Amino acid sequence: MARLLLSTAEGTQAIDLRPVNSLGRHPNNSIQLLDKIVSKEHCIVELRETGFVLRDLGSLNGTYVNGERVRGEQALRHGDEIALGSTRARYDDGVGPMNFALPAVGPGAILRGQPAPLVQATAPLAPPPGQQQRPYPPQPGYPGSIPPPTSALQPSTPYGAPPSNFAPPAPGFPPPAPFGAPPPARPPFPGMAPPLPPTRNPRAATRVDLLDNARAIGTQIAATTKDFLPFDQVVSDVAQLRVDYERLRVSWELTREIGLERDVERLLDKVLRALFTFVKADRGVILLKEPDGTLQPRATLRRDGSNSPIEVSSTILNHVVKEKAGVLTHDASQDFAASKGKSMILNRISSAIVVPLLHEDTVLGAVWLDSPALAQFQQKDLEVITSVANQAAMHVQNTLLGIKIQQEIVSRERFSRLLSPNVAEQVLSGKLEVKKGGTLVPSCTVFNSDIRGFTRMSEGTAPGIMVELLNEYFELMVETIFKYEGTLDKFMGDGIMAFWGAPAVQEDDAVHSVMCALEQMSVLSQFNRKRMELGQPPLAVGMGIHSGPLVAGYVGSSKALSYTVIGDTANVSARLCGIASAGQVLISEATLALIENRFEYEELPPAVVKGKEKALRIFNVLGLAG
């Protein structure tokens, strides 16, 4: 019977193969691999007419047979060595001679710093009844237990040297591959052609850009930061205690540096500089997610102090954002050598750490750190940087939230000066949209008022007194406009322009406009009585109202915009105001058609106004209908 031979902490373990065998970290697999570099559903070994075939399921770190990555599927032959993450296995077809040794187990078999088996087989391991299990020769140099991993805070192992926690390799086999790198090519099984050496793309000059849109991610290590465990669970785990302490220290120093910063650009620059004190990165970029979902660089830093642009891989960034997990690669040029697309990762970049700026499960952006040195970063660097990135994300979120609140305060104040309180609240809450640019309004009622004889009155009065008078007058008039849900357009000297029907539209906008004008006359009468009691002259005001189509929207420059209405309707309203006598509220025939019989009015002689060839029918509103 065909089997997979795997190395575990307990020794050699053989697993009989079913017709279909799934391998991965998830417990639902028929062969569960307790290897944190292996994908949840990594690969499948299934029986075909010609024998067993291995099919990769698009795993992040890939599946290798005899040192070559499986692209799709590959037939297995007796003695083939299979590598999945840090897991090593041999394929035994149950027929060929057992004249090969098992590979040494890698550090991926260690979880939380404690010895643990590499494989947990959910399928029965015992041979079927009547079939005798073949003895497997002992493996020289393979220990009965796995030594604990090196402390996460110790210096990096020099590239090319075996880590201290690697078990000695079996005789006849080269040392295991460095942690996180693809397995090196193994001596071929007899009769098998030697694998071709991997090719490397030429390195090019760097530039700032997001590239590699269509590329598959090569061999990398993907991981997330461990949660802080209760003290009684880690009291005996010195390595984990050191990592947790480092995370706390880094977070505290970062908070001290950026806690009071409220400018996003300076905040990100401080975060990037702080990260450079924790890891040996040569280049760094912090990107934030824009409203359209794209990632845009907001802060860059090079250890050499130069201003040369930095390129980052959009493929890795998209993966990090999608999976909400960090990525560590020890040799990017090797990992991406199989890519046929132009890769800036090959541009003097070997080691890279990319982590998301994650706040409450929301990705705000990403942190990119890289170096041209091979195996520059360690697993503990990924954990610490992920922890720092989460801390930084909280500060970024708070800063962006503070900016948003300030913008809303400014917007609320601005809208409150133009719109009635209830309409302003609808706009600010998003229930009512006010778009930049113009929007055609089929029917809008425009109101204009003007103080009669104001120029003559101001000739003999100090400017300060006239400004105070206008402020008192405008305060009363605008309050009345907002009472009847009108929109204030502008003040024109001593004149006021307002309109009904934009941005909020109601059926009785014209009625509200005329009622507002009548109440303004009543308020003005009370205001004049107080002025006369003080020996001051009263104010005389004329008003004009017209209804019709116009364009409403923002007008102005990028620095100063105002919400207004433009069109012939606004012009006719201003012309009616110009011919109105003191105390008159003149309306057009179009407005009269909208207010029905709710007001008493008198028709005046037709008036010729500027811009109109024919005389207009005009009406003076006297009050509410009895």
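Calculate, for residue 280 and residue 41, the FRET efficiency according to 1/(1 + (r/R0)^6) with r their C-beta to C-beta distance and R0 51 Å; round to the nearest 0.05.
Computed FRET efficiency for residue 280 and residue 41: 0.90.
Among 292-298, 353-359, how do they line up by average Cβ neighbours within 10 Å per residue, starting with the highest?
353-359, 292-298
Would you work out what percent of the accessible area of the stretch 532-626, with all protein chains in place, is carbon or sulfur (probe 1.4 Å)?
Carbon-and-sulfur percentage of accessible area, whole number: 54.
Probe radius 1.4 Å, ligands and nucleic acids ignored: give me the carbon and sulfur share of the accessible area of the stretch 40-103 as a rounded percent.
Numbers: 1200 of 2520 Å².
Carbon and sulfur atoms account for 48 percent of the accessible area of the stretch 40-103.
Once the other residues with Cβ under 15 Å from the Cβ of residue 614 are scored (Lys, Arg +1; Asp, Glu -1), what is the net sum?
Details: positive: 575, 610, 612, 617; negative: 568, 589, 613.
Net charge around residue 614: +1.
For the stretch 588-626, list residues with backbone N below 15 Å from a point placed 7 Å from the Cα of residue 528 toward its Cβ?
What the label zone holds, given the 15 Å backbone N cut-off, is no residue at all.
Within 9 Å, Cβ to Cβ, of residue 2, how many net charges do the neighbouring residues add up to if Lys/Arg are +1 and Asp/Glu are -1?
Values: positive: 3; negative: 16, 92, 93.
Overall, the nearby charge balance is -2.
Among 588-601, 21-34, how do they line up by average Cβ neighbours within 10 Å per residue, starting with the highest?
Highest mean packing first, the order is 21-34, 588-601.
Once both labels are modelled 7 Å past Cα along the beta-carbon direction, what's the residue 428-residue 483 spacing in nm?
Placing both labels 7 Å along Cα→Cβ, they lie 2.3 nm apart.
Residues with beta-carbon under 12 Å from that of residue 393, excluding residue 393: net charge, scoring Lys, Arg +1 and Asp, Glu -1? Numbers along the way, then the final one.
Working: positive: 289, 324; negative: 360, 361.
Neighbour charge sum, excluding residue 393 itself: 0.
State the Cα centre-to-centre distance between the stretch 1-67 and the stretch 447-482 in whole Å.
86
Using a cut-off of under 12 Å, list every residue of the stretch 535-558 whose amide N is near the label point 7 Å from the Cα of residue 604 along the Cα-to-beta-carbon line.
It comes to 542-545, nothing else.
When each pair of different Cα atoms in the stretch 1-87 is counted once in the 1/r mean, what is the Kirkwood radius in angstroms, to one decimal?
13.0
The values are calculated or read from the model by the stated rules, or taken from the named source; none is laboratory data. Worth saying up front: this structure is predicted, and the values here are computed from it rather than measured. FYI the Cβ positions are ideal-geometry reconstructions off the backbone, even for glycines, and counts take in every protein chain you see. Each accessible area value is taken on the protein alone, full model and side chains, heavy atoms only, with ligands, DNA and RNA left out. Shrake-Rupley method; radii C 1.70, N 1.55, O 1.52, S 1.80 Å.
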